[in-house]
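The values are calculated or read from the model by the stated rules, or taken from the named source; none is laboratory data. Please read these numbers as outputs of a predicted model, since none were measured by experiment. Here the Cβ positions follow ideal geometry from the backbone for every residue, glycine too, while neighbour counts run over all protein chains shown. We work out accessible area using only protein heavy atoms, side chains counted, and drop any ligands, DNA or RNA first. Shrake-Rupley method; radii C 1.70, N 1.55, O 1.52, S 1.80 Å.
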Amino acid sequence: MGMGAWHSYWRDPYHLLLTIPWLGFLLLICIFYVAINAFFAFAYWLGGDCIANAQPGSFSDAFFFSVQTLASIGYGAMYPKTTYANIIVTIEAMIGVVGIAMMTGLAFARFSRPTARVIFSRVAVITSHEGVPTLTFRTANQRRNMILEAQMRMYLMRDEITVEGYSIRRIYDLKLLRNQTPNFSLSWLVMHIIDEFSPLYGMTAESLTHTNSLLMVSVSGIDETVAQVVHARYSYGANEILWNTRFVDIMHHTSDGHRYVDYNHFHDVLPVDKVG
């Protein structure tokens, strides 16, 4: 990521606070909370003996008085006793009301964002399916609910040289054998037939690496629990596309006829000559 991209990233604090991990979010809140209280403590300290029952010149007393003011605690042991201190208290109280509302809104926005717990196989494979070379990967819904009207999309990105001799990064839509399902609850084996109409037709493992090929896959649908659209995505580099292998079977049946998915072997593959 270039320096300009990072500069733009930090200029969008709302997006930053929604996308960073929870640990980073809480750490930033703590840093901001300490910094704002230190700022107002410095303002009180500049006012001299302006806080009743506080030791004159004590920055720690001014800091904790700021904490009580910002959070509207008001123990009463310390209170402003000059016009200067009352003005600072008024400003801090207004900032405290706005700050609490903003932090509450950000926390709610993070909690309320619809998310999907979808797992993708660590590798994709290319092997024969009904006599035709087929690119395959699998995905599964890890929640005990359904993703309704789920749709899958796959794209191929690779470097190419145009007729004019320019180097470009071209994106192709890959047609899937089945790109949607009415309910996504267990696993989904996603397939792309590599025929003469496929951008992958005639390519090898070496050519995928040489062209910096990348597969981007995304799934979206409606979470039946929250009735909101959820999505997930994954990517496969050229070294994560295995040839002449297939996935280990993970669908099993219990003695009473129910199906279950064995996630212990979800990512496992076998050479085609050892299958069966």
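By the equivalent-ellipsoid construction on the alpha carbon gyration tensor, the range 118-271 comes out with semi-axes of 30, 19, 12 Å, ordered largest to smallest.
Can you put LYS175, LYS81 in order of accessible area, largest first, using a 1.4 Å probe?
Details: LYS175 165, LYS81 105 Å².
Greatest to least solvent exposure: LYS175, LYS81.
Projecting label points 7 angstrom from Cα along Cα→Cβ for ILE161 and ASP49 puts them 8.4 nm apart. What the Cα atoms of the range 220-276 give is an Rg and a Dmax of 16.3, 45 Å.
If eta is 0.692 mPa s and T is 37 °C, what Stokes-Einstein diffusion coefficient results for the range 1-152, Kirkwood Rh from Cα pairs, in µm²/s? Please list the in-between numbers first.
Numbers: Rh = 20.2 Å.
After rounding, the answer is 162 µm²/s.
Dividing the Cα radius of gyration of the chain by its Kirkwood radius returns 1.21 for Rg/Rh.
Stokes-Einstein diffusion of the range 121-187 at 4 °C, 1.567 mPa s viscosity, Kirkwood radius from Cα pairs, rounded to a whole number: 88 µm²/s.
Taking the Cα centre as origin and putting +1 on Lys and Arg beta-carbons and -1 on Asp and Glu beta-carbons, what dipole magnitude results for the range 128-276, to the nearest 20 debye? If you can, show how the numbers build up before the last one.
Numbers: 13 positive and 17 negative charges, 61 e Å.
Charge dipole, the range 128-276, about its Cα centre: 300 debye, nearest 20.
Using r as the Cβ-Cβ distance of TYR84 and CYS30, and R0 as 41 Å, what FRET efficiency do you calculate, to the nearest 0.05? Don't skip to the answer; put the middle values down first.
Values: r = 29 Å, r/R0 = 0.70.
Calculated transfer efficiency: 0.90.
Give, as ranges by residue number, the residues of the range 106-127 whose backbone N falls under 14 Å from the point 7 Å along Cα→Cβ of LEU18. Correct set: 106-115. Note on the range 8-87 and the range 201-276: Cα centroid distance 51 Å, given to the nearest whole angstrom.
Stretching THR115 away from ARG11 to a fully extended chain increases their span by 34.9 nm, per 0.36 nm per residue minus the current alpha-carbon distance.
Entry comment: accessible area of the chain is 63 Å² per residue, from protein heavy atoms only and a probe of 1.4 Å.
Note the direction-averaged projected area, equal to a quarter of the hull surface, for the Cα convex hull of the range 160-218, in nm². Don't jump to the answer; show the numbers that get you there.
Working: hull surface 21.8 nm².
The orientation-averaged projected area of the Cα hull of the range 160-218 comes to 5.4 nm².
Taking the chain as a Gaussian network of alpha-carbon nodes connected by springs under 10 Å, the highest mean-square fluctuation of the residues SER60, SER220, SER207 belongs to SER60. Of all the options VAL125, VAL67, VAL219, the one that moves most in a Gaussian network model of the chain with Cα springs shorter than 10 angstrom is VAL67.
Can you compute the charge dipole magnitude of the chain about its Cα centre, using +1 on each Lys and Arg Cβ and -1 on each Asp and Glu Cβ, nothing else charged? Give it in debye, rounded to the nearest 20.
Numbers: 19 positive and 21 negative charges, 73 e Å.
Magnitude of the dipole: close to 340 debye.
For the range 118-271, with all protein chains in place and a probe radius of 1.4 Å, 52% of the accessible heavy-atom surface sits on carbon or sulfur.
The Kirkwood hydrodynamic radius of the range 187-227, based on inverse pair distances between different Cα atoms, is 13.3 Å.
Segment TYR260..VAL67, full-extension length gain: 64.0 nm, with 0.36 nm per residue of separation and the alpha-carbon distance subtracted. Counting only protein heavy atoms and a 1.4 Å probe, tell me what percentage of the range 7-112's accessible area is made up of carbon and sulfur. Solvent-exposed carbon and sulfur of the range 7-112 make up 74 percent of the total.
Reported value for the range 13-82: 96 Å³ per residue, from the convex hull of its C-alpha atoms. Between the listed residues THR83, HIS15, TYR201, the Cα displaced farthest toward the positive end of the dipole of the chain, a dipole computed from Cβ unit charges relative to the Cα centre, is found at THR83. Between the beta carbons of GLU206 and GLU130, assuming R0 = 25 Å, the FRET efficiency works out to 0.45 to the nearest 0.05.
Using alpha carbons only, what's the Rg to Rh ratio of the range 85-165 with Rh from Kirkwood? Don't jump to the answer; show the numbers that get you there.
Numbers: Rg = 25.9 Å, Rh = 19.2 Å.
Using Cα coordinates only, the ratio equals 1.35.
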